[in-house]
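The values are calculated or read from the model by the stated rules, or taken from the named source; none is laboratory data. Note that the coordinates shown come from a computational prediction; the quantities given were computed from them, not determined experimentally. Cβ placement follows ideal geometry from the backbone for every residue including glycine, while neighbour counts extend to all protein chains displayed.
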Amino acid sequence: MTQISNSGDHWTIEMRGMEVQASIGVHDHERLGPQRLVLDVDLVLSEALTDGADRIESVTDYDFLRTAILDRIAQGHIETQEKLISDIADRCLDVLTVISVTVASRKTDVYPDCASIGVRLTRTRKC
């Protein structure tokens, strides 16, 4: 029987709606206490399935993603959402199977007439 190669496959890990409390902002009132952020992350993976088996050792374990975000926030005050998501993107690209990452951050309590205000970054691994 002919075996079909899927070496061109790209898998996407999606994390949606991670709510965190972070010390973030440039204004004096933002330094008084943490703010609620909602984060979304997409990780595009190259050859995430190493052998097609149905076990954790055959895929990219995505537990690192949540840990990386919480570790970055725990480091202390961040001036801008742009810096936060850039740092998260860098940590995601430390995982060799990640070829591209999109990170979005939204502050949910800034404007009374807006559900949120945020930024999104897509970063691709340089060859």
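Ile73 is checked against (1) under 16 Å from the mean Cα position of the chain (by Cα); (2) loosely packed, with under 12 Cβ neighbours inside 10 Å; (3) among the hydrophobic types (A, V, I, L, M, F, W, C) and fails just one. What number does that condition carry? Here Ile73 meets the rest and fails (2). Note on the range 104-117: residues that are surrounded by 18 or more Cβ atoms within 10 Å (Cβ to Cβ) and either modelled with pLDDT under 95 or in contact with a Ser or Thr (Cβ under 8 Å, 6 or more places away or on another chain) (or both) total 2.
Return yes when Ser100 is free of Cβ contacts under 8 Å to residues at least 40 places away in the same chain and more than 23 Å from Gly25 (Cα to Cα) and no when it is not. No, not satisfied.
Summed over the range 22-33, the residues that are in contact (Cβ under 8 Å) with a residue 24 or more places away in the chain, within 16 Å of Arg106 (Cβ to Cβ) and not hydrophobic (A, V, I, L, M, F, W, C) give a count of 1. Scanning the range 103-127 for residues that are among the aliphatic types (A, V, I, L, M) and under 30 Å from His10 (Cα atoms) returns Val103, Ala104, Val119, Leu121.
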